[in-house]
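No value in this document is a laboratory result; all are computed from the given coordinates. All values reported here derive from a predicted model rather than from experimental measurement. With ideal geometry, Cβ positions are generated from the backbone for all residues, glycine too; neighbour counts draw on all protein chains shown.
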Amino acid sequence: MNKLLFAILFTVISTAALAQVSNQPRPALQKSISADSLSYLNPKDYIIGGVTVTGTKNLDKDVLVQISKLNKGDRINLPGEQNAAVVKRMYDQGLFDDVQLNITKINLDTVYLEIAVVERPRLSRMHITGPRKGEIEDLQKKLSDKNAKIVNENLLSTTTAIIKKHFAEKGFLNTTVDIKQRKDPGDANSVILDVAVDKKHKVKINSVTFEGNTAFSQKKLRKFLKKTRQRHWYNLFGSRKFLRDKYEDDKQNLVEKMQDKGYRDAEIISDSVWRHDDKTVNVKIKIYEGHKYYFGNITWSGNAQYSSTVLNKLLRVRKGDVFSEEELNKRLVGPTPNNDDVSTLYLDNGFLTYSADPVQTRIYNDTVDLDIRVYEGPRYTLNRIILKGNDVTNDKVVRREIRTKPGQIFSKEALIRSTREISQLGNFDEQKTEPRPTNINPTDGTVDIIYNVVEKPSDQIELSGGFGGGQLVGTLGLTFNNFSLRNIFHLKEYRPLPKGDGQKLSIRGQSSGRIYQNYSFTFTEPWLGGKKPIFFSLSAYTQLSSTGQYYPKSDPRYNNLRINGIGVTLGKRLNWPDNYFQLNYSVNFDHYSLDNYPGYIFTNGTSYNIKLTQTLQRNSLDVPIFPTQGSNIMLTIQGTPPYSLFNHLNYKLPPTQEQVYHFVEYYKVKYDAQWFQKIYGKLVLMSQVRFGFLGEYNSAVPASPFERFKLGGDGMQSYQFLQGSDIIGLRGYQNFSVIPVGTNYNVNNNPGSTIYNKYTFELRHPVIASQSATIFVLAFAEGGNVWNSFDQFNPFNVRRSVGFGARIFLPIFGLLGLDYGYGFDKIPGIPDANKGQFHFSISQSLSGGFN
């Protein structure tokens, strides 16, 4: 009786196990042949003679047999728990809608089994509705790996999770996803998923509060949360979206900031985020501040090269200072703004493997004693300097700029300076120039340096047209910034011109037909002879401006101007006061021929301008396109021979203007300075001061009609630019509209002034910084003015303006700029000069320059 009850109970349990595997009850074992000997009341052991799989379309049968764990030669008890377990294992894969285990044959004690399956349908495509087109495309990219996958609960749940996470990262925390299946009419075993997405409202932060804080105010703690900001009236432009990943980063930053203020035991006990309304959440963080700690005694060990006194001076941490591990590590391993940390001392003197481990030896009351354990290692010298990635630029062009040479002591400063010099060439992507020590050999104390560079397009083309002054002017300019003169006759080197030697060739032409023409040519060699940094430049130009095709010479409206010029410049890099200085000397010859031409002090005659220019410049900008630190300071002194001392003109009997200005004489001084400084994050402040003065040797000879200063507008050297005048931009005012008080010139007949100054403050922030383009936006405030004598000169009496703009640097076109400026001060006689002005600029100096 007990045996019968046990058999009945075992049969019920086996059947119940199968019922849990599927929504519909299925027998655990089906007999496809006559097998009268099988009985749940009398199960028997069999040897598995073989296993087959039927019903599969996309799955590997051998793999399914392995999953079933039915191996040929194994023993199986039938009917019993084993057959139920096989079916369950197959269902657990999530690949089948139906699974059956059949007996196909029994031969004595050998059984042959069949696993019959019905595969679940696969995903043919997803049809997403609800979000914008661009958002749907982003989702499809993230879900593209789901195509052709089995449609099961896992696929549906992961799809939902991916979509919700995508929108949660953008601040949509309440996104809902509804997925429905429908058969694909083109494939009976595939389905289409209709995914309806409702991202709801973007969730923002209503309030952020703290609990447990006594030393830190609520306001101070909120400042430590950079990306988790609560609603305030002054937070108009700051993001208030609640982003979970940013919130987690902010919590970590919060603890680090508290510890940096001396609370080394500070931690977050708990935090909570809860719904305030449909669009906002509240955040509450409970913190533990702990005690405020201070530095105690600081000792050094392991330092043989430098004494503890020297290291303490660089560390600049004293007993009693607030304990800050962040500040301590910054002083030990850098970087610091002035590179005055302990790490720089060692790395600049060859100790490449230097390390320092500050060990807290004693903590008592609120004081922490430290022992800074230094590992100096050997002093390394440079073995090989390896250059990679310069596919166009010749090795010598890069190597001559590199400050690290074989045999020198390893120097971090030389490595940084070399990176800057490579960037200044303009031929490589500044973001990807990477110097890296390699093959560090402590046995002989040598190390190799690899400079990895990435070439970027450096040639530029200027093709533009503009309408102004009643005429249409076209411009075509070509600048080859990596030219090779020595390969000019080697046709194989043309790409489209020979490249690779770091020379610069610029050809530019402007024309409006026969009314206006201007053609210029410049060739520059930064290393004349190839062995020393001797700068050489040759330039020439010719300009014609005439109304002769419309009016005869007898007509008062006739005018004609022809200007020809040529110039040579030689320069040298200096090592004193430091090696950022360069000294240039230039000789220029300009010939002016005027026939009833306005815009100068005299309108008829021929004039010659032979001038010698000396320029002393110090340029320490980190990169040329978007500088973030450093300065660019330039002092220019220019002059002509004092012809009035030996031209035998009697100035008591006033000579004609043509006689006075046949050979112009003057001296000229200009000072231009820029400073760049990071303010916060990537925000950069550019400050600029400019001054110019045109003087005379002889009081009987009026100031030169050439080389004067014209202020106002965009500063573009466009078709309005007359050679021999300095064009200085002042945004917010019309071109050339700023004139001295008491004069009645207009923008068309302004001859220029002899004194000017200008101040600029500009906040810049990058939008894109890549090899293909650099874009930054800016806001500016500037002021400037002009005078004709020092009696009137007042450096604080300036015409003021403010505005905003953007700069786009494209390697092929150079720097393009658009500004809107508003001038605050009216210009007498020119009522519209200071109204809101849009200014467009092209090919100006990359650093913001001295145009």
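Looking at the chain, I'd like the Rg to Rh ratio, where Rg is from alpha-carbon atoms and Rh is Kirkwood's inverse mean 1/r.
1.14
Helix 133-142 sits at what angle to the longest principal axis of the chain, using alpha carbons and giving 0 to 90 degrees rounded to 10?
Helix 133-142 sits roughly 60 degrees off the main axis of the chain.
Of the options 358, 310, 332, report the single residue whose Cα projects farthest towards the positive end of the charge dipole of segment 294-375 (beta-carbon charges: Lys, Arg +1; Asp, Glu -1).
310
Specify the angular offset, from 0 to 90 degrees and rounded to the nearest 10, of the alpha carbon long axis of helix 2-21 from the longest principal axis of the alpha carbons in the chain.
The two axes meet at around 20 degrees.
Please compute the net charge surrounding residue 193, taking Lys and Arg as +1 and Asp and Glu as -1 over other residues with Cβ under 9 Å from its Cβ.
Once positives and negatives cancel, what remains is +3.
Using only helices, what value at 222 nm comes out for the chain when you add -39,500 (n - 2.57) per DSSP H run of length 4 or more and divide by the total residues, to the nearest 500 deg cm²/dmol?
Dividing the helical sum by the residues of the chain leaves -4500 deg cm²/dmol.
Considering the options 247, 266, 276, tell which one lies farthest towards the positive end of the dipole of segment 204-288, charges being +1 on Lys and Arg and -1 on Asp and Glu at the Cβ, about the Cα centre.
276
In debye to the nearest 20, how big a dipole does segment 468-528 give about its Cα centre with +1 on each Lys and Arg Cβ and -1 on each Asp and Glu Cβ?
120 debye
Nearest 20 debye, what's the magnitude of the dipole of segment 204-288 about its Cα centre given +1 on Lys and Arg Cβ and -1 on Asp and Glu Cβ?
So the magnitude is around 440 debye.
Straight-line reach only, C-alpha to C-alpha below 18 angstrom: list the lysines that residue 72 could link to, leaving out same-chain residues fewer than 8 apart.
Partners found: 44, 61, 105.
Calculate how many DSSP beta bridges within segment 294-375 are antiparallel, expressed in % of all such bridges and rounded to the nearest 5.
60 percent
Sum up the charges of everything whose Cβ sits under 11 Å from the Cβ of residue 209, counting Lys and Arg as +1 and Asp and Glu as -1, but leave residue 209 out.
Neighbourhood net charge equals +1.
So, in Å, what gap is there between the alpha-carbon centers of segment 597-620 and segment 257-299?
65 Å
Of the peptides 507-520, 75-88, how do they stack up when ordered by the mean number of other Cβ atoms within 10 Å, highest first?
Peptide ranking by packing, descending: 75-88, 507-520.
Which translational diffusion coefficient, to the nearest whole µm²/s, is obtained for segment 204-288 from the Stokes-Einstein equation, given a Kirkwood hydrodynamic radius over C-alpha pairs, 10 °C and 1.306 mPa s?
121 µm²/s
Using alpha carbons only, how many angstrom separate the centre of segment 730-786 from the centre of segment 639-671?
That distance is 32 Å.
Based on Cβ point charges of +1 for Lys and Arg and -1 for Asp and Glu, what charge dipole magnitude is obtained for segment 294-375 about its Cα centre, in debye rounded to the nearest 20?
Computed charge dipole of segment 294-375: roughly 220 debye.
Past 22 Å, Cα to Cα, is the threshold; run 532/611; 142/456; 57/183; 165/200; 199/246 against it and keep the listed order.
Listed pairs above 22 Å: 532/611; 142/456.
Can you report the principal axis dimensions of segment 508-614 using only the alpha carbons, biggest first, rounded to whole angstrom?
That works out to 60, 27, 19 Å along the principal axes.
On C-alpha positions alone, give me the angle between the axis of helix 153-168 and the longest principal axis of the chain, in degrees, nearest 10.
It is inclined by approximately 30 degrees.
For segment 122-198, which semi-axes, largest first and in whole Å, follow from the square roots of 5 times the eigenvalues of its Cα gyration tensor?
They are 22, 12, 11 Å, listed from largest to smallest.
Can you check what the net charge comes to around residue 399, using other residues whose Cβ is under 15 Å from the Cβ of residue 399 (Lys, Arg +1; Asp, Glu -1)?
So the environment of residue 399 carries a net charge of +4.
Which whole-number percent is the relative contact order of the chain (Cα, under 8 Å, 6+ apart)?
It rounds to 5 percent for the chain.
Rounded to the nearest Å, what's the spacing between the alpha carbon centres of segment 169-201 and segment 208-225? Just the number, please.
Here the two parts' Cα centres lie 42 Å apart.
For the chain, what is the percent of antiparallel DSSP beta bridges, rounded to the nearest 5?
85 percent
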